[in-house]
1. Being in contact with a Gly (Cβ under 6 Å, 6 or more places away or on another chain) and not in a loop (DSSP other than H, G, I, E, B) is the filter here; which residues of the range 183-199 pass it?
2. Name the residue that is nearest to the chain's Cα centre (by Cα), counting only residues in the range 141-163 that are part of a loop (DSSP other than H, G, I, E, B) and at pLDDT 95 or above.
3. Would you pick out the residues in the range 159-191 that are buried (at least 23 other Cβ atoms within 10 Å of the Cβ), under 11 Å from CYS211 (Cβ atoms) and among the β-branched types (Val, Ile, Thr)?
4. Just to check your reading of the model, which residue among LYS209, LYS202, LYS166 is over 17 Å from the mean Cα position of the chain (by Cα), among the charged types (D, E, K, R) and in a loop (DSSP other than H, G, I, E, B)?
5. Which is aliphatic (A, V, I, L, M), at negative phi and more than 19 Å from the chain's Cα centre (by Cα), of ILE257, ILE294?
6. Applying the selection to the range 304-350, what residues are surrounded by fewer than 23 Cβ atoms within 10 Å (Cβ to Cβ) and aromatic (Phe, Trp, Tyr)?
7. Which residue out of LYS71, LYS67 is loosely packed, with under 15 Cβ neighbours inside 10 Å, modelled with pLDDT under 80 and more than 17 Å from HIS158 (Cα to Cα)?
8. Against the conditions (1) closer than 22 Å to LEU76 by Cα; (2) more than 20 Å from the chain's Cα centre (by Cα), where does ASP181 fall short? Just the number, please.
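The values are calculated or read from the model by the stated rules, or taken from the named source; none is laboratory data. Model, not experiment: these values are computed from the prediction. Here the Cβ positions follow ideal geometry from the backbone for every residue, glycine too, while neighbour counts run over all protein chains shown.
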Amino acid sequence: MYHGFGKFIRGKGFSMLFYLASVLLMFYLTIKIGNIVEYLFSINIYAAVFVTLAVLMFYMLCYFGSKKAEKRAKKLYEACGIVLCVLLNLTMCFFVFDFLDIFMSVKEGSWCLIPAAVGTLLSVYGFLHARHLIVKKYQIQLGEKKRDKRLVLLSDIHTGSFVNEKQLEKIVKRVNELDADMIFIAGDTFDVKAFETCNLSKLEQIFRKLCSKEGVYASLGNHDPLSSEKNVREFFEKSGICLLTDENVETEDFYIIGREDVTSCPDRKSLPEILPRERGKKPEILLDHNPGGIEEAIENRVALVLCGHTHKGQFFPATFFTRLAYGKKDFYGYAKREETQSIVSAGTGYFQMPMRIGSNSEIVLIEI
């Protein structure tokens, strides 16, 4: 069920249904907001509300479709993301209110302000909760040899938009408190197009503060720039991070393997092509941003796969559809199948709609 429906959710058919539903919701929200304004101020602004919502949606689509971002465009993108958060929560609260109205027959009037107030408060909670970091711990056995290691996993930091330099400093400080032997970043270090507009030298200084005994390793995600761009490797090198793109590196205790993101590079190398030649000497740790690659890792008996990408849905109702899209085991958390263990992080940052409801911004601590 999950496999078939998940394939549908990630396909073009679901995208078309999503856009159709968005248009219908625009009409619904136009009526609700228009009713409130008319009740409070006796002004008819239904047309203006609909046009505003349509422009907002159109701009977000244009931003994601454009090849280059500017600082002004990024600021507008951030503002639109905040507005969309509020509108989503308002819509859900209006739905609940309308459903209850079927049974309670609530009269029109000031009652219509209740779902608006609840939706606004829910948005405020989501904004504040997204910036709160938790440490998610897992204890696992890796290989037959006894190892006392502390590994830290970050993913989906999405630096550059809502996750600014101050929040990144907070993340780095929290990581350093964990006394990690190794640190892994499983993709989406940057937010969409943010690499072009960020103060890269400042970010390099912040990332260089990450403290680990045996190094910091990263792979790329679908929001990161392509590895073929000449300044990408230069950034990670100056930041003190070993970037692995369809390649592996050997450490004292492990083989670390980093894959290109399957969305950005659909023609990436197969996993057998990038596995170490001498297998079995040490456990293999695979960084693969999208958990869709876990199945291939299981087929090739990789010891541990570290992923992100799903954000655990980030907020309701996206949490529901994300779980259906990836299945229970690859949606979030720890799983063991045959000889392969996997951990999918909910992400350390957040993107596009800067709130978390039903998920946490997390730093993963893996104790081996």
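1. Of everything in the range 183-199, those that are in contact with a Gly (Cβ under 6 Å, 6 or more places away or on another chain) and not in a loop (DSSP other than H, G, I, E, B) turn out to be ALA186, PHE190, ALA194.
2. Taking the candidates together, the pick is ASP156.
3. VAL175, ILE183
4. Only one candidate qualifies: LYS209.
5. Exactly one residue qualifies, and that residue is ILE257.
6. Answer for the range 304-350, where residues must be surrounded by fewer than 23 Cβ atoms within 10 Å (Cβ to Cβ) and aromatic (Phe, Trp, Tyr): PHE316, PHE320, PHE321, PHE331, TYR334.
7. LYS67
8. The single condition ASP181 does not satisfy is (1).
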